[in-house]
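The values are calculated or read from the model by the stated rules, or taken from the named source; none is laboratory data. Just so it is clear, the structure is predicted and the values come from calculations on it, not from any experiment. Cβ sites come from the backbone with ideal geometry, for glycine too, and all protein chains shown count toward neighbours.
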Amino acid sequence: MGKTIKLKKGFDINIIGKPQKKVDNNFSSKTYAINPSDFRFIAPIPKLTVQEGDEVKAGDPIFYDKSNPDIMFCAPVSGEVVEVKRGQKRAIAEIVILADKENQYKQFDKVDLNMIDREDLVKHLLGSGCWPMLTQRPYGVLADPTETPKAIFVSAFDSAPLANDLNFSVAGQQEYLQAGIDALNILSGSTVYMGMSSGQSANELTHLKNVETNNFDGPHPAGVVGIQIHHTQPINKGDIVWTVKLLDVIAIGRMVRDGQFNTERLFAVGGPSVKNPQYYKGFIGANIEQMLKDNIQSENNRVISGNVLTGIQITPNSHMHFFDNQLTVLEEGDKHELFGWLIPNYPRPSISKTFFGNLFGGSKKEFNVNTNTHGEHRAIVVTGEYEKVLPMDLYPMQLVKSILYNDIDLMEGLGIYEIIEEDLALCEFVCTSKTDVQQIIKDGIELMVEQG
């Protein structure tokens, strides 16, 4: 057992529509899709190994990055490749598979973790579709199979608004979890760290072996893996660490034990516009149409693959993105408010104490929110708001400004190696200037990668 880390900085955004702990057993997605843009810095036009009309099994390769052809991106389900959607400059937007009624798996070799060495395990995961689940920091890129990380990190809880309750989602999966952790130990140069919340003191996650657990007590972003890395093994220049989503650890465990690329998981569907917020069982890249059918309260909504802070806006008949296990729906805030900012005419989540709703249990109350930003973009003003909600020992405002004027040396000194966009998403939420902090961080990371 590791240490308990209490985080005072942060802010919990409580929104109505929290998914109830029940699963819709009648859900069935007709199509599944993989979007190459979900993987940072791979070519916008990867090399396809399939064509429209081809039949595939779950685990069959469908494309690979030309700059790293050993990493295979595989089909999450069996069926027919019915469409290869293209975007600007013929970049591949989605590879869509019409799913079979009964999933068929490509059979890989089962792995005896007591006998296999690291090199063979790496080759096995590269060819089986599991390697893209490993993310490398700095920069949040695909893990480099030629590198050995100083540690691997897994967050066992999600503190984002309306997040998937991972305790509920991993119930009954302890054997696969343990197998996944054991595999990560072979890949890791030293230790596998798991960040847990104080509310996870008595569940099957606490019985895992070969993992160092640390408890994080505090508001969001306590469940963000980047925050946990900062308080456990901070990243310095030259360091490499890997991160893995908890549900992807299960998928790796299934590959080890069963020899199948099985990405089955629970998707949490919630938000103020959802009639029956609950969970749906499916595979990576599931189509959301059946999740939302007859389940939306209003017409003018924004559908988000992920959470309201870091998610990607999608259409109501689109597919979940690769790393997302949460679907959020809320009303578009495109209506004019009476008297604008002069009168805060309805309760809303805010760190400001000037709102009437925050005077009486505002930190615990659930709010009916929309996408209105309550103001236009303005010049960046130093208010100290970022520092109030970011539990990291760095200067976020100065880092953002250093990126804006492309000062690489200053970016390095201010901590660009430690962060990716999601780490500062809450700074964007509280920003008086309505600054697109996450896009700025993304631009900074792209500049660092370009400069080598």
* Structure fact -> Only one of Asp38, Asp70 is more than 30 Å from Ser198 (Cα to Cα) and under 22 Å from the mean Cα position of the chain (by Cα), namely Asp38
* If Ala268 passes every condition in (1) assigned to a strand (DSSP E or B); (2) in the same structural domain as Asn164 (by TED's automatic domain parsing) but one, which one does it miss? -> (2)
* To do: Please give the number of the condition Ala58 fails out of (1) among the small types (Gly, Ala, Ser); (2) in contact with a strand residue (DSSP E or B) (Cβ under 6 Å, 6 or more places away or on another chain); (3) surrounded by fewer than 17 Cβ atoms within 10 Å (Cβ to Cβ).
  => (3)
* To do: Would you check if there is a residue in segment 429-438 being in a loop (DSSP other than H, G, I, E, B), of a type in the set (Val, Ile, Thr) and over 24 Å from the mean Cα position of the chain (by Cα)?
  => yes
* Wholly within segment 131-231, strands (runs of 3 or more DSSP E) carrying at least 1 residues that are in contact (Cβ under 8 Å) with a residue 24 or more places away in the chain and surrounded by fewer than 20 Cβ atoms within 10 Å (Cβ to Cβ) -> 135-137, 191-197, 212-217
* **Test: residue in segment 143-162 that is small (Gly, Ala, Ser), more than 29 Å from Leu447 (Cα to Cα) and in the same structural domain as Val241 (by TED's automatic domain parsing)** => yes
* Asked: Going by the conditions given, is Glu119 over 30 Å from Phe11 (Cβ atoms), in contact with a strand residue (DSSP E or B) (Cβ under 8 Å, 6 or more places away or on another chain) and of a type in the set (D, E, K, R)?
  -> no
* To do: Name every residue in segment 88-101 that is more than 21 Å from Ala43 (Cβ to Cβ) and free of Cβ contacts under 8 Å to residues at least 24 places away in the same chain, in order of residue number.
  => Asp100, Lys101
* For residues that are in contact with a Lys or Arg (Cβ under 7 Å, 6 or more places away or on another chain) and of a type in the set (A, V, I, L, M, F, W, C), scanning just segment 76-106, find the one that is surrounded by the fewest Cβ atoms within 10 Å (Cβ to Cβ). => Leu98
* Selected residue (criterion: nearest to the chain's Cα centre (by Cα)) from residues of segment 390-399 that are part of a helix (DSSP H, G or I) and buried (at least 21 other Cβ atoms within 10 Å of the Cβ) -> Pro396
* Asked: Which residues, taken from segment 271-287, are hydroxyl-bearing (Ser, Thr, Tyr) and not in a loop (DSSP other than H, G, I, E, B)?
  -> Tyr279, Tyr280
* Hits in segment 410-446 - residues which are in contact with a helix residue (DSSP H, G or I) (Cβ under 9 Å, 6 or more places away or on another chain) and either acidic (Asp, Glu) or assigned by TED's automatic domain parsing to the domain that holds Gly226 (or both) -> Glu412, Glu418, Glu421, Glu422, Asp423, Glu428, Asp436, Asp443
* Asked: Is there a residue in segment 193-200 that is at pLDDT below 95 and closer than 30 Å to Gly127 by Cα?
  -> no
* Structure fact -> Conditions (1) part of a loop (DSSP other than H, G, I, E, B); (2) within 19 Å of Gly180 (Cβ to Cβ) -> Leu125 fails only (1)
* **Residues within segment 243-257 that are part of a strand (DSSP E or B) and buried (at least 24 other Cβ atoms within 10 Å of the Cβ), tallied** => 2
